[in-house]
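Engineer: What follows is a single structure, and I will ask about it in a moment.
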Amino acid sequence: MSKHMIYLHPTPVRIWHWLNALGIVTLCLTGAQIRFPEYLNIFGNYRTAVLLHNTAGLVVAISFSLWFFYYTLGSRKITQLYVPGVDDLKRGVLRQAFFYFFLYFFGCPNPHHATPDSKFNPMQKSAYLAIMFVLVPLVSLTGILLMNVSPLRELVIMAGGLKLLVGLHFLMACSLCAFLFTHVYLTTLGHTPLAHTKSMWTGWEEEEDHGEEAEKVHQAKPLADPALVRVKASS
Ligand code: HEM
């Protein structure tokens, strides 16, 4: 099967992504130690865990603004790439889920072929929209308020008080953790387990040419019999 290379991830996106990933992983580990100090001691003592947590929080908040300004003022592709269309929500998410949870294990081609102007499938779009427009901003905002309880006392009270803030922050953190595991697993479902991760380092993604036949079958009958799809593709 022939392959071709496409440039998918510009440098600012890759810098943001790995800075953000490092920050979120550090936040999850230090956050777990801060929340369960009697059971967990990953970073030596409690004070170090808090210091690392606050530093990683600032890294994530600052890198978020890099992502936001790059996609709004730089490439101006934020809605095109991150906001799912009606067809994405109506059919696309189901079709992609069927591929991830079923067709992938029959060696069927991914129904979505990434291009620089449409690099996310409908499931990625919906997930990244929730992560980047709700979870990351909210976990950062509640974190910044919790780091500055005395100077930002008025704002803390306006936000519903300390208890609510801690609860909201923890809920967001758990949701981000759950996303992290799912995200990393789904990134391994490329034509090789590291294909997508490699492209997030180099910017270049290797795409397989599946040819018209498989493409037509998939577009026409997304939930077609996998045996049929495979035969068609190889002929
Ligand atoms: C160590 C952990 C991580 C790994 C190995 C990883 C891997 C990847 C890979 C391979 C891609 C490109 C393919 C794709 O879109 O699926 C990607 C994209 C993306 N990841 Fe991650 N990721 C990690 C952590 C995170 C975290 C913590 C977040 C957010 C909180 C995140 C958010 C995103 C977003 C929004 C994209 C699309 C970026 C763009 O092209 O605009 N990732 N990730």
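The values are calculated or read from the model by the stated rules, or taken from the named source; none is laboratory data. These numbers were taken from a predicted model, which means no experiment stands behind them. Methodologically, a virtual Cβ is constructed for each residue, glycine included, from the backbone with ideal geometry; neighbour enumeration extends over all protein chains shown. These accessible areas exclude ligands, DNA and RNA; they are computed on the full protein's heavy atoms, side chains included. Shrake-Rupley method; radii C 1.70, N 1.55, O 1.52, S 1.80 Å.
Engineer: Please report, as a whole percent, how much of the solvent-accessible surface of segment 3-232 comes from carbon and sulfur atoms (probe radius 1.4 Å). Working shown, then result.
Structural biologist: On the way: 9280 of 13110 Å².
Percent of accessible area from carbon and sulfur atoms in segment 3-232: 71.
Engineer: Which of 180, 129, 164 ends up with the largest GNM mean-square fluctuation for the chain, with Cα atoms connected below 10 Å?
Structural biologist: In the Gaussian network model the winner is 164.
Engineer: Return, for the Cα atoms of the chain, the radius of gyration and Dmax in Å, separated by a comma.
Structural biologist: For the chain, the Cα-based Rg and Dmax read 20.8, 69 Å.
Engineer: Also, I was wondering about something else. Measure nothing fancy, just the Cα-based angle from helix 211-220's long axis to the longest principal axis of the chain, in degrees from 0 to 90, nearest 10.
Structural biologist: 70
Engineer: As a test of the formula, what do you get for the chain when each DSSP H run with n ≥ 4 contributes -39,500 (n - 2.57) and the sum is divided by the residue count, at 222 nm and rounded to the nearest 500 deg cm²/dmol? Walk me through the numbers on the way to the answer.
Structural biologist: Working: 11 runs with 143 residues, N = 235.
Computed ellipticity for the chain at 222 nm equals -19500 deg cm²/dmol.
Engineer: Once both labels are modelled 7 Å past Cα along the beta-carbon direction, what's the residue 25-residue 130 spacing in nm?
Structural biologist: Calculated label separation equals 2.4 nm.
Engineer: Follow-up question, since we're still on this one. Using 7 Å Cα-to-Cβ label points, what is the residue 206/residue 87 separation (nm, one decimal)?
Structural biologist: 3.0
Engineer: Now a separate question. Per residue, how large is the accessible surface of segment 3-232? Use a 1.4 angstrom probe and give square angstrom.
Structural biologist: On the way: 13110 Å² over 230 residues.
Roughly 57 Å² per residue, with all protein chains present.
Engineer: Let me ask another. Give me the accessible area of residue 183, 1.4 Å probe, in Å² rounded to the nearest 10.
Structural biologist: 40
Engineer: In what order, largest first, do 89, 135 sit by accessible area if the probe radius is 1.4 Å?
Structural biologist: Numbers: 89 105, 135 25 Å².
Final ranking, largest accessible area leading: 89, 135.
Engineer: Kindly express, to the nearest 10 degrees and within the range 0 to 90, the angle between helix 11-35's C-alpha long axis and the longest C-alpha principal axis of the chain.
Structural biologist: Helix 11-35 and the main axis of the chain meet at about 50 degrees.
Engineer: Within segment 59-92, find all residues whose amide N lies under 20 Å from a label point positioned 7 Å from the Cα of residue 113 along Cα-to-beta-carbon.
Structural biologist: Residues 81, 88, 92 qualify, since their backbone N sits under 20 Å from the label point.
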